[in-house]
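Contents: one structure, followed by commentary.
The values are calculated or read from the model by the stated rules, or taken from the named source; none is laboratory data. Computed from a predicted model, the values in this text were never measured in an experiment. Cβ: placed from backbone, ideal geometry, glycine included. Neighbour counts: every protein chain shown.
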Amino acid sequence: MSEFFKQLKSNSINFRYLASRTEFYSYSDLDALCRTAALIPLRSVARSQVSKITASDLRPINMDDFDEALQSVKPSLNQENRERLLEFARKYAQIS
């Protein structure tokens, strides 16, 4: 995953836009979104070449990859679930 974050730092990923599109995404949903986006550049590589390339051989992840990933990775939370989770966190002093 560290290679993924290196690529994000070196690219112009619009994190504000991404945050606005992922309001009801849980941590697991965001993890799945990032993993899905990270695999998109790999899809352009021929199967016979996959075992021969390194991460640096792939094109960098871009916003189009996240937009494509958003088409398949959907949020698991809704407003009601979110409120219940926040209430639980407040009750058990996980947040103030």
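So the check is Cβ under 8 Å with 6+ separation or different chains; which pairs have a first residue in segment 52-81 that's within 15 Å of A32 (Cβ to Cβ) and surrounded by 15 or more Cβ atoms within 10 Å (Cβ to Cβ) and a second one that's of a type in the set (K, R) and modelled with pLDDT of 95 or more?
L70/R21
Which residues, taken from segment 53-96, are touching a helix residue (DSSP H, G or I) at 6+ places or on another chain (Cβ under 6 Å) and charged (D, E, K, R)?
Scanning segment 53-96 gives R59, D65.
Suppose we filter segment 82-96 for residues that are surrounded by 11 or more Cβ atoms within 10 Å (Cβ to Cβ) and either touching a residue at least 12 places away in the same chain (Cβ under 8 Å) or of a type in the set (S, T, Y) (or both); how many remain?
Of the residues in segment 82-96, 1 are surrounded by 11 or more Cβ atoms within 10 Å (Cβ to Cβ) and either touching a residue at least 12 places away in the same chain (Cβ under 8 Å) or of a type in the set (S, T, Y) (or both).
In segment 47-96, which residues are closer than 22 Å to D29 by Cα and assigned to a loop (DSSP other than H, G, I, E, B)?
P60, I61, N62, V73, K74, P75, S76, L77, N78, Q94, I95
Hey, could you check segment 19-40 for residues that are loosely packed, with under 15 Cβ neighbours inside 10 Å and of a type in the set (S, T, Y) and say which is nearest to V73 (Cα to Cα)?
Only one residue tops the list, namely S28.
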